[in-house]
Amino acid sequence: MATLALVASSCSKGPETNATPSLHEAFDGLFLIGGTLSDSMLENPSDPGYNVVAKHFNSLSPENCMKWGRMNPTPTETHYELVDSFVRYGSQNQQALVGHTLFWHSQTPDWVYQDAAGKELSREALLARMRERAELMAKRWGDEILYWDVVNESILGDGSWRKSKYQQIIGDDFTEQAFRIASETLPPHAKLLYNDYSMTDPGRRDAVVAMVKDFKSKGIRIDGIGMQGHWLMDFPDTADIAASIAAFAATGVKVHITELDIDLLGRAAFFGANVDAEKLVATPENNPYPDGNLPASEEERFAQRYQEIFEMLVQQADHIERVTFWGVSDKTNWLNNFPVRGRTNFSLLFDRNFQPKPAFYRVLETAKKR
Ligand code: G3I
């Protein structure tokens, strides 16, 4: 740590140079630092984002290409190419790879729930189809992928099961069956995670804790809880995030912050990452910095928010295995299109030119405070 302090204080806090410390090296011994590869990056190996990815992340998630609808838009089509590229790139760079995501109510095409005649599948037939998908993943990428988001977002804020198509056909044990399938098909080194957003909602938090305890009492493998971390400038409170981390860790699993970004511009009517929410249109009121130039006072407010979050995460480091940013730079982060389409938002540690922002340096400092 003393060496790092010297390096950090002697390097300028401006654009990336060889002297800029690597984020994941700074957090070595605390937790992994991850990012994502989008489909467009995977299609363009010379994307400048790779400079950030190679230097600052030691874990990688595929932002979209592994979702069921992306891989199999129809029953007869299977797209392996982008996932193959993702796995090849991450393996070459010794990055801990995440399989995102096996089963999610969103981005799953209707054919998954239907037979060839368009009739709704039985519970057993849908479970068999889920098993086929897990077997395909295991066979092709099981050796290289370490973490799996087995189920994404199956619990609502009030703690009840989401009334998804999976839940309607399979029943309330959809998530349990998914974990049984994953543990029976993926290799022993695979770590199986449940992943969700708004994990500080007391109802969802308590239901997740109860689910992990239930799985453990039945001998069903679950290794970690993913807290998505699509957070706002003033919500949730870091004390509430810490309380959820402690509650999950108390069940004996590790916590992963799986999809971290901070929505500087905010969203008026709701909170979370519900991609089914109605999309709004950009206006001068909700899109105040369309040219991408943020006033210094806003940059500072943003840096302070990241600092307080990372100070808390470092305090909780014994419980945390990985912190993954949802994207690489502000240029392509999904919050430019959610919940308002076509906004110029500010959410990550690297700006639209892939340069470290003041928030980057503030986050770096927190690694030394342990
Ligand atoms: O690739 C097409 C492009 O060809 C087309 O021109 C364009 C028009 O809108 O759409 C492009 O696809 C979009 C894709 O992102 C790539 O930009 C899809 O419409 C859009 O639905 C998709 O959104 C992704 C979303 O998941 C839904 O899958 C976001 O990138 C991705 O960041 C987001 O990630 C999710 C996590 O998987 C789960 N947790 C919440 C998180 C945020 O919603």
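The values are calculated or read from the model by the stated rules, or taken from the named source; none is laboratory data. Since the model is a prediction, treat every value here as computed from it, not as a measurement. Virtual Cβ from ideal backbone geometry, glycine too; neighbours counted across all protein chains shown. Note: areas computed on protein heavy atoms with side chains; ligands, DNA, RNA excluded. Shrake-Rupley method; radii C 1.70, N 1.55, O 1.52, S 1.80 Å.
Calculated accessible area for the range 282-370 comes out at 39 Å² per residue, all protein chains present (probe 1.4 Å; ligands, DNA, RNA ignored). Tell me the angle of helix 81-92 to the major Cα principal axis of the chain, expressed in degrees between 0 and 90 and rounded to the nearest ten. Taking the Cα atoms of the chain, the angle to 81-92 is about 50 degrees. Peptide packing for 117-128, 356-367 was compared via the average number of neighbouring C-beta atoms within 10 Å per residue; ordered from the highest value, the list is 356-367, 117-128. For the peptides 136-145, 23-32, residues were scored by their other Cβ atoms within 10 Å and the scores averaged per peptide; the highest-first order is 23-32, 136-145.
Gap in Å between the Cα centre of the range 75-102 and the Cα centre of the range 298-355? Cα centroid to Cα centroid, the span is 24 Å. Summing Cβ point charges (Lys, Arg +1; Asp, Glu -1) relative to the Cα centre of the range 306-366 gives a dipole of roughly 460 debye. Summing Cβ point charges (Lys, Arg +1; Asp, Glu -1) relative to the Cα centre of the range 34-284 gives a dipole of roughly 560 debye.
Between the range 193-211 and the range 103-164, how many Å separate their Cα centres? Spelled out, the Cα-based centre of one part sits 19 Å from the other. Using a ≥ b ≥ c from the Cα gyration tensor of the range 34-284 (square roots of the eigenvalues), is it rounded, prolate or oblate, where a/c under 1.5 gives rounded and otherwise the larger of a/b and b/c decides, a/b for prolate? The shape class here is rounded.
For the chain, the relative contact order is 18 percent, taking Cα pairs closer than 8 Å that sit 6 or more residues apart in sequence and dividing their mean separation by the residue count.
Among P109, P75, H189, pick out the residue whose Cα is farthest towards the positive end of the charge dipole of the range 34-284, where Lys and Arg carry +1 and Asp and Glu carry -1 on C-beta, about the Cα centre. Going by the charge dipole, the pick is H189. Rounded to the nearest Hz, the phi-derived 3J(HN,Hα) couplings of the range 156-165 under the Karplus curve 6.51 cos²θ - 1.76 cosθ + 1.60 (θ = phi - 60°) are 8, x, 8, x, 7, 6, 4, 7, 7, 4, where x marks glycine and proline.
Summarising the strand pairing of the range 34-284, around 5 percent of its internal DSSP beta bridges are antiparallel. Counting only Cβ charges, +1 for Lys and Arg and -1 for Asp and Glu, the dipole size of the range 64-203 around its Cα centre is about 180 debye. A cut-off of 5 Å between modelled amide H atoms, ignoring neighbours fewer than 5 places along the same chain, links L260 with T324, F325, W326.
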